[in-house]
Amino acid sequence: MTFREACDAVCAQGTMFEITETDVGGIPTKVFTGTPPNIRSLFELAAARQDDFIVYENERWTMPRLLDMAGRFGHALVHDLAVGKGDRVAIAMRNYPEWIAAFVAITSIGAIAVPLNAWWVTDEIVYALDDSGAKVVIADEQRLTRIKRAPAGAITARIVVVRTSESAAVGATRLEDIVGDATTMPEVEIDPDDDMTILYTSGTTGHPKGAVSTHRAVLSALMSFAARAAIGEIREPQEPEGPAAETPQPTFMLCVPLFHVTGLIPVMLGSLIGGAKLVMTHRWDPDRALELIERERVTNFVGVPTMSLDLLEAPTFSERDTSSLRSVGGGGAPMPPELVKRIDDNFSKGRPGLGYGMTETNAYGPQNSGDDFIAHPTSTGRPVPVMDLRVTDPEGNELPQGETGEIWFRGPTLIRGYWNRPEATADTIADGWLRSGDIGRIDEEGFVYVSDRAKDMVLRGGENIYCAQIEAAIYEHPAVYEAAVHGIPHDRLGEELACHVMVKPGHTLDAAELQRFLGERLARFEVPTNVSIVTEQLPRNAAGKILKRDLRDALIAGGERPDRIRTQPGT
């Protein structure tokens with residue numbers, strides 16, 4: 001069955017994924033008719049589950065336990081902390097079960113959840129709390145310590161703290177002191193287009209922007225992921241291998257932060273809607289992840305591509321049973337074709353997968369997996385029919401099929417705008433279309449190819465160089481563990497290409513060898529002239545993405561000449 005035929009079957013009239021058109025913010029928009037009216041309806045559906053929902057290290061939380069905690073928490077927010085519909089409530093903690101309970105409570109009472117980056121320092125936390133006007137912030141002990149460092153009067157939000165002792169909670173209210181034993185979630189009417197979340201985007205300059213999503217947008221993203229999974233199942237059905245009792249329960253591993261759109265929507269909320277178990281790790285450790293994959297029979301591993309590579313390179317990989325895995329992938333960055341092949345070759349049943357989405361699309365976008373991914377390893381795939389894409393020139397004019405330009409999105413999963421940033425909203429969203437800032441093209445079959453972020457494209461002497469394509473070529477070298485490519489200023493050419501490479505343990509590599517290798521695969525102007533080879537991991541953010549800007553700034557600040565080749569001593 002072709003992709004289009006599978007879409008038609010899954011989205012046929014009378015199915016839960018039937019598509020209709022409605023007005024969203026004054027724009028005619030394709031939506032799924034079966035989309036729940038608000039997130040509270042989704043949680044009410046989940047109440048029928050009696051099984052384990054969260055496995056956090058050695059803790060097990062059943063769905064009844066989670067929803068009971070969320071109900072008591074919601075009651076406390078309304079009756080003890082005076083939180084009303086539309087009020088903002090921030091969450092500042094690492095991935096804990098209480099993070100999920102807090103999110104369920106906040107959004108169920110019609111308040112707006114504001115997840116904060118758990119890596120932020122005091123000034124960044126203060127900025128986001130002030131910018132969002134948060135009435136309450138729910139923190140763990142580590143984030144509470146940072147909040148307490150703020151100048152007097154800088155934070156007006158009430159502070160609720162989880163997983164801490166009474167002595168450490170000075171200046172805050174402990175969660176266990178405000179949740180009653182016999183209280184339930186307050187009733188509230190929530191419209192599909194009421195605001196539900198504010199997720200702060202990292203940005204490249206200045207302060208981050210708060211991306212605002214409605215209940216409709218988040219639920220449309222969840223429905224889109226579910227529809228795409230149904231399309232994949234039709235095209236590549238998984239044959240049962242034995243009695244139903246031996247078939248693994250759908251189980252997702254959550255190893256990316258919940259404050260990140262991938263961890264929050266397709267993984268955490270997707271597990272709720274799909275009846276899956278959620279396995280959470282305290283921190284990213286590939287050996288521990290493999291242990292949990294084996295113990296909990298994880299079926300879906302979702303992370304950034306470097307995490308999939310970490311699993312394959314882990315010392316314990318060959319010792320662990322990963323046969324339960326059906327999908328290995330995620331998003332957040334391009335997946336080098338060499339990694340696509342390694343995943344397919346090294347996991348007995350796990351197929352490679354990649355999704356291309358943004359905070360501004362609630363993580364949803366084109367997806368590629370299975371046989372399609374093997375056949376089109378440089379593509380990020382195709383979306384379900386509620387999402388439209390187009391490619392434009394710098395003036396916003398749509399380009400013919402196959403030409404390269406900026407990718408624009410349209411559909412019900414888009415944010416409604418940026419919190420208190422009308423100019424930024426107008427710059428990003430026009431007539432229902434969202435400018436992605438990504439450069440790419442769409443082929444005759446509808447496959448989307450993302451060349452790079454517009455800001456990551458290097459313009460060298462009038463030639464466009466797409467960093468993701470150079471990184472893909474670097475990953476083909478057998479000694480390379482991970483790589484990052486970016487531009488640096490050059491007096492004559494405008495920009496020059498630089499790369500940072502971490503070699504695999506036990507391997508050696510020098511710049512000249514890497515350049516010879518790349519010279520056989522790339523045009524001469526595409527071969528990096530500034531090469532840094534190291535033996536330690538490249539810096540990453542909380543979501544696991546390599547921090548190219550930090551590498552670039554450090555290289556420039558170090559006074560390195562753009563045309564100088566350098567290697568790390570001892571490699």
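The values are calculated or read from the model by the stated rules, or taken from the named source; none is laboratory data. What you see is a predicted model, and the numbers here were worked out from it, not measured in a lab. So basically every Cβ, Gly included, is an ideal-geometry build from the backbone, and we count neighbours across all protein chains shown.
For the reader, a short list of remarks on this structure follows.
- Criterion: among the acidic types (Asp, Glu), out of contact with any Pro (no Cβ under 7 Å at 6 or more places or on another chain) and surrounded by fewer than 22 Cβ atoms within 10 Å (Cβ to Cβ) - qualifying residue of Asp344, Asp321: Asp321
- Gly171 meets all of the listed conditions (1) modelled with pLDDT under 95; (2) under 23 Å from Ser132 (Cβ atoms); (3) touching a Phe, Trp or Tyr at 6+ places or on another chain (Cβ under 9 Å) but one, namely (3).
- Unique residue being under 22 Å from Leu354 (Cα atoms), modelled with pLDDT under 95 and surrounded by 20 or more Cβ atoms within 10 Å (Cβ to Cβ) when the list is Val450, Val458: Val450
- Residue ranges of helices (runs of 4 or more DSSP H) in region 1-118 with at least 3 members touching a strand residue (DSSP E or B) at 6+ places or on another chain (Cβ under 8 Å): 63-79, 97-108
- Options Gly558, Gly506, Gly544: the member that is without any contact (Cβ under 8 Å) to a residue 24 or more places away in the chain and at positive phi: Gly506
- Of all residues making up region 48-62, the number that are in contact with a helix residue (DSSP H, G or I) (Cβ under 6 Å, 6 or more places away or on another chain) and within 13 Å of Gly274 (Cα to Cα): 2
- Region 550-571 - residue that is exposed (fewer than 15 other Cβ atoms within 10 Å of the Cβ) and modelled with pLDDT of 85 or more and, of those, nearest to Leu116 (Cα to Cα): Asp550
- Some residue of region 361-368 being under 30 Å from Lys504 (Cβ atoms) and touching a residue at least 24 places away in the same chain (Cβ under 8 Å): yes
- Identity of the residue in region 270-291, touching a helix residue (DSSP H, G or I) at 6+ places or on another chain (Cβ under 6 Å) and in a helix (DSSP H, G or I), that ends up surrounded by the most Cβ atoms within 10 Å (Cβ to Cβ): Gly270
- Near pairs, Cβ below 6 angstrom, 6+ apart or cross-chain, from region 9-32 (assigned by TED's automatic domain parsing to the domain that holds Ala230 and closer than 17 Å to Glu233 by Cα) to any residue that is among the β-branched types (Val, Ile, Thr) and assigned to a strand (DSSP E or B): Cys11/Ile19
- Test: residue in region 28-46 that is modelled with pLDDT under 95 and at positive phi: no
- Region 517-535, subset in contact with a helix residue (DSSP H, G or I) (Cβ under 6 Å, 6 or more places away or on another chain) and part of a loop (DSSP other than H, G, I, E, B), residue surrounded by the fewest Cβ atoms within 10 Å (Cβ to Cβ): Arg521
- Count of region 331-368 residues, restricted to those that are under 23 Å from Ser451 (Cβ atoms) and not in a loop (DSSP other than H, G, I, E, B), is 16.
- Residue check, Pro248 more than 20 Å from the chain's Cα centre (by Cα) and either under 30 Å from His477 (Cα atoms) or assigned to a loop (DSSP other than H, G, I, E, B) (or both): yes
- Residue in region 509-524 that is at pLDDT 90 or above and under 30 Å from the mean Cα position of the chain (by Cα) present: no
- Residue in region 456-465 that is touching a Pro at 6+ places or on another chain (Cβ under 9 Å) and either assigned by TED's automatic domain parsing to the domain that holds Thr404 or within 20 Å of Pro336 (Cβ to Cβ) (or both) present: no
- Residues that are surrounded by 16 or more Cβ atoms within 10 Å (Cβ to Cβ) and closer than 13 Å to Val78 by Cα were ranked within region 165-185; the one that is nearest to the chain's Cα centre (by Cα) is Met185.
- Of all positions in region 432-439, none carries a residue that is loosely packed, with under 15 Cβ neighbours inside 10 Å, in contact (Cβ under 8 Å) with a residue 12 or more places away in the chain and not in a strand (DSSP E or B).
- Subset of region 380-419 (residues that are in a loop (DSSP other than H, G, I, E, B) and either farther than 26 Å from Thr22 by Cα or aromatic (Phe, Trp, Tyr) (or both)): Thr380, Asp393, Pro394, Glu395, Leu399, Pro400, Gln401, Gly402, Glu403, Thr404, Trp419
- Out of Leu509, Leu538, one residue alone is surrounded by 13 or more Cβ atoms within 10 Å (Cβ to Cβ), among the hydrophobic types (A, V, I, L, M, F, W, C) and farther than 16 Å from His486 by Cα. It is Leu509.
- Out of Pro422, Pro394, Pro478, one residue alone is without any contact (Cβ under 8 Å) to a residue 40 or more places away in the chain, surrounded by fewer than 15 Cβ atoms within 10 Å (Cβ to Cβ) and under 24 Å from Pro366 (Cβ atoms). It is Pro394.
- Residue within region 449-456 that is of a type outside the set (Gly, Ala, Ser), under 25 Å from Val31 (Cβ atoms) and touching a residue at least 60 places away in the same chain (Cβ under 8 Å) present: no
- Against the list (1) in contact with a strand residue (DSSP E or B) (Cβ under 6 Å, 6 or more places away or on another chain); (2) under 21 Å from Leu199 (Cβ atoms); (3) assigned to a helix (DSSP H, G or I), the condition Phe259 fails is (3).
- Pairs, first small (Gly, Ala, Ser) in region 87-108, second assigned to a loop (DSSP other than H, G, I, E, B), C-beta under 6 Å, six or more apart: Ala90/Leu116; Ala90/Ala134; Ala92/Leu116; Ser108/Met185
- Of all residues making up region 129-178, the number that are polar (S, T, N, Q), out of contact with any helix residue (DSSP H, G or I) (no Cβ under 7 Å at 6 or more places or on another chain) and assigned to a loop (DSSP other than H, G, I, E, B): 3
Matching residues to (1) in contact (Cβ under 8 Å) with a residue 24 or more places away in the chain; (2) crowded, with 24+ Cβ neighbours inside 10 Å; (3) touching a Ser or Thr at 6+ places or on another chain (Cβ under 8 Å); (4) of a type in the set (Ser, Thr, Tyr):
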{"residue": "Val114", "(1), (2), (3), (4)": "yes, yes, yes, no"}
{"residue": "Trp119", "(1), (2), (3), (4)": "yes, no, no, no"}
{"residue": "Val126", "(1), (2), (3), (4)": "yes, no, no, no"}
{"residue": "Ala134", "(1), (2), (3), (4)": "yes, yes, no, no"}
{"residue": "Lys148", "(1), (2), (3), (4)": "no, no, no, no"}
{"residue": "Val160", "(1), (2), (3), (4)": "yes, yes, yes, no"}
